[in-house]
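Worksheet for the structure shown next.
The values are calculated or read from the model by the stated rules, or taken from the named source; none is laboratory data. All of these numbers come straight from a predicted model, not from anything done at the bench. We place every Cβ from the backbone using ideal geometry, glycine too, and count neighbours over all the protein chains shown.
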Amino acid sequence: MEKFFTPDSLVVFGASLTNLNLGQIVLLNNRQIGYPGRLYGVGSQAGEINGIPVYTKVADVPEVPDVAIFLTPAQTVPALMEDCGQKGITHIVIESGGFSEYSHGDYTLEEEVLAVAAKYRMKVIGPNCVGTVHFDHKMMMPFAFFKDIPQGGRLSLISQSGGVGGSYLRAVAGYGVKPGKFAATGNKLQLDEVDFLDYFIKDPKTDVIALYLEGFKRGRAFFDQARACEKPIIVQKSNRYPESAKIAQSHTTALSGDDAVVGAALRQAAVIRVDDEMEFINAIRVVGLPLMKGRRVAVLSRSGGHAVLSADACAKYGFEMVPFPESFIEKLKTIYKTRVIAHQNPLDLGEIFDYTIFTTILEEALKLDLYDGVLFNHLYSADFEGAMSRTFLAGVEKLVAKYQKPVCLTMISDREEILDVQKTQPYPVFTSPAEAAAALHVSATYSERKSARNERGALYDFYFDQKTVEEIRRRSLVGNRTVLTDEALAVCKAAGLQPVKSLVIKGSQTPGRISLHYPVAVKLLSRDASHKSDIGGVAVNLRNRRELLEAIGGMKERLSLLPHPPAIDGFLVQEMAPAGIECFVGGRRDPAFGPVIVAGLGGIFVEIFKDTAIRLAPVTPIEAQGMLKDLAAWPLLAGARGRGPADCGALIDLICRVSALLDACPDIVEIDLNPVIVHPEGQGLSLVDARVFFPADRE
């Protein structure tokens, strides 16, 4: 990967001698910015471009270039790659478009590219990308002119879109952030975000990694890398809704995934997710400061009105504005004389015009263990206080470094003044109390999730009866049918979960004396009906044998009257479970991220309220508990309005076992346990219904 960022030589295919085309721009741009390596062009005519030699075939280039860049029609690329392979070039950047993103799933050209790459053991970026940038090396592959190249940047940026990536490079520079390295992945035919993430994690000159993505090619691998990373990772993931999927596919062949799964994966790995460009930039800026270690905030403000706005913003993000201690108030009285404004949090500093006092008060606030960070509103006149404000900023930067707490500064002045401060001053500033509070929220949330990730605990030492699962799958395949409810419950039992007591009555049998305690429930077993209640295939609270017989007879009669009567494979009789809170636990296999586990309120509520929490499987007990606490229904489980708590420990155990089963048994593509009836604390739960799907069941 290093060769893509610090090549000693580049060859650009598609460079024109006479017209300012894209290939020529790449060569001229690198010459203009001072690229220290050797440049070559390959085009239809031999000659020179501003002293850069251009050949008609790569075989004539006097050395083996480190990287070949293609800006030629898509159909020419495989043959040109073959020429590069014979020359000995192993690093390829295909900036050309016109591959599968425009061919409606025709992957012929891409297959040819991969075949040539495999033949010569090439590494390939693209197609449909703008390659890489290394600012310190003064090397730029994008086909756009750049100037004023910054150096010493510690931000590395990965973008699936060259256009978005280029605009973000310019945007962060406008806010005083220096980018260090950049990579555009395009269609991700071979190298993708996982490869570049791995490189930037190991790169000693990268402190922060930011990504713009439209889809994940290897979601689980990305998750595993991000979860082990100590550097902040910021992701803006577009293509979140069905309406944008078609547009994204035509742009970079991204496929729209389940955005809830993406959100769960990023949260679990402590990746900061943002929604737009401004959040993207602010997140990059705030993680460059020391992180919040809690949610206690001191608000200092030169404006009383902005102090009120700050209090609202802090409340919105769950910050606690702890009152200043008496010792702090007494200290303030020695620093300046107050006449009107009360000493409280938020602290109104509207009476002060000596800038050295601001710095002193800020330091006194930072000294207090009561606070994890400070929000400072600095309202000033650019004409009279511009120079002093910049001196104040420098003082703030030193105090933040000294006390290792973030100070989010809101600079409120003329528009031109703020733009200049944001661009020229190294310390990040914000334009409103809401924006500053949001930045503190990013810092606090990242700190919380990083701690939760690093302290997730151990996975279950899990064992399951694989022979039972395999036998049930074999029966369903041989019978060309779905898994029946009793078999699905047997799969759960194989994972160490105990369903309620039950027995199976074959469809032609008449039940005699049963070994279960009344009352009981009876459920249809049918390969044609997975949702039994929708066709009247469930009866509950049957108090004796007579009611049981009547229920079974009534089901048979109702089913026979349906336009397409389902097959009757039998009936499942179960002891009625005690009352409790109906929950849902399920999981499925996501195409990008692998097994995921879902938990929430069950019964009819799972579809009405959609109150669920998602994690990538397998999960630890600590992560399973976090899932429950994410639910709007958590107070119900924890015990609300005088009710005792439910047996959350038993529910956590079930979540962990189902997640481990999904991870250990790739043949299970989906599993639903609904309802899981959770009883009061210490009384366990009742598993009364389940659905399990193997691959053939979903075809």
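Residue check: Gly600 meets all listed conditions (1) surrounded by 20 or more Cβ atoms within 10 Å (Cβ to Cβ); (2) without any contact (Cβ under 8 Å) to a residue 40 or more places away in the chain; (3) out of contact with any Lys or Arg (no Cβ under 8 Å at 6 or more places or on another chain) but one, namely (3). Scanning the range 110-129 for residues that are under 24 Å from Phe143 (Cβ atoms) and not in a helix (DSSP H, G or I), we see that the one that is farthest from the chain's Cα centre (by Cα) is Met122. Filtering the range 28-74 to residues that are small (Gly, Ala, Ser), more than 37 Å from the chain's Cα centre (by Cα) and crowded, with 19+ Cβ neighbours inside 10 Å leaves Gly41, Gly43. Scan Ile568, Ile581 and give me the residue that is surrounded by 14 or more Cβ atoms within 10 Å (Cβ to Cβ) and farther than 24 Å from Val678 by Cα. Being surrounded by 14 or more Cβ atoms within 10 Å (Cβ to Cβ) and farther than 24 Å from Val678 by Cα holds for just one of Ile568, Ile581, which is Ile568. Within the range 381-400, being over 20 Å from Ser301 (Cβ atoms) and free of Cβ contacts under 8 Å to residues at least 24 places away in the same chain holds for Asp383, Ala387, Lys398. Within the range 521-567, being of a type in the set (Lys, Arg) and touching a Lys or Arg at 6+ places or on another chain (Cβ under 6 Å) holds for Lys523, Arg527, Lys532.
Pairs are defined by a Cβ separation below 7 Å, a sequence spacing of at least 6 or placement on different chains, a first member in the range 212-236 that is over 25 Å from Leu169 (Cα atoms) and touching a residue at least 60 places away in the same chain (Cβ under 8 Å), and a second member that is among the charged types (D, E, K, R) and part of a helix (DSSP H, G or I); the pairs so defined are Arg227/Arg453.
Here the helices (runs of 4 or more DSSP H) wholly within the range 274-353 that include at least 1 residues being over 22 Å from the mean Cα position of the chain (by Cα) are 304-316, 326-335. Taking the range 470-487 as the range and being touching a Leu at 6+ places or on another chain (Cβ under 9 Å) and not in a helix (DSSP H, G or I) as the test, only Leu484 passes. Val573 falls short on exactly one of the conditions (1) surrounded by fewer than 18 Cβ atoms within 10 Å (Cβ to Cβ); (2) under 30 Å from Gly649 (Cα atoms), and that condition is (1).
Restricting attention to the range 642-699, the residues being surrounded by 22 or more Cβ atoms within 10 Å (Cβ to Cβ), among the small types (Gly, Ala, Ser), part of a helix (DSSP H, G or I) and in contact with a strand residue (DSSP E or B) (Cβ under 9 Å, 6 or more places away or on another chain) number 1. The set of residues in the range 355-408 being of a type in the set (Ser, Thr, Tyr), touching a Ser or Thr at 6+ places or on another chain (Cβ under 9 Å) and assigned to a loop (DSSP other than H, G, I, E, B) consists of Tyr380, Ser381.
When Gln190, Gln151 are checked against the criterion of being more than 22 Å from Ile418 (Cβ to Cβ), at pLDDT 95 or above and either in a loop (DSSP other than H, G, I, E, B) or among the small types (Gly, Ala, Ser) (or both), a single residue qualifies: Gln190. Considering only residues in the range 434-463 that are modelled with pLDDT of 95 or more, under 20 Å from Asp653 (Cβ atoms) and not small (Gly, Ala, Ser), the one that is surrounded by the most Cβ atoms within 10 Å (Cβ to Cβ) turns out to be Arg456. When you look at Gly41, is it modelled with pLDDT under 95, over 18 Å from Val124 (Cβ atoms) and either in a helix (DSSP H, G or I) or not aliphatic (A, V, I, L, M) (or both), yes or no? Here the answer is no, as Gly41 does not meet what is asked. Checking each residue in the range 605-620 for being of a type in the set (Asp, Glu) and in a helix (DSSP H, G or I) picks out only Glu607. Scanning the range 331-382 for residues that are acidic (Asp, Glu), closer than 20 Å to Pro433 by Cβ and either at pLDDT 85 or above or outside the structural domain of Arg415 (by TED's automatic domain parsing) (or both) yields Asp348, Asp372. Out of Ala221, Ala144, Ala228, one residue alone is at pLDDT below 95, surrounded by fewer than 24 Cβ atoms within 10 Å (Cβ to Cβ) and either among the hydrophobic types (A, V, I, L, M, F, W, C) or not assigned by TED's automatic domain parsing to the domain that holds Val261 (or both). It is Ala144.
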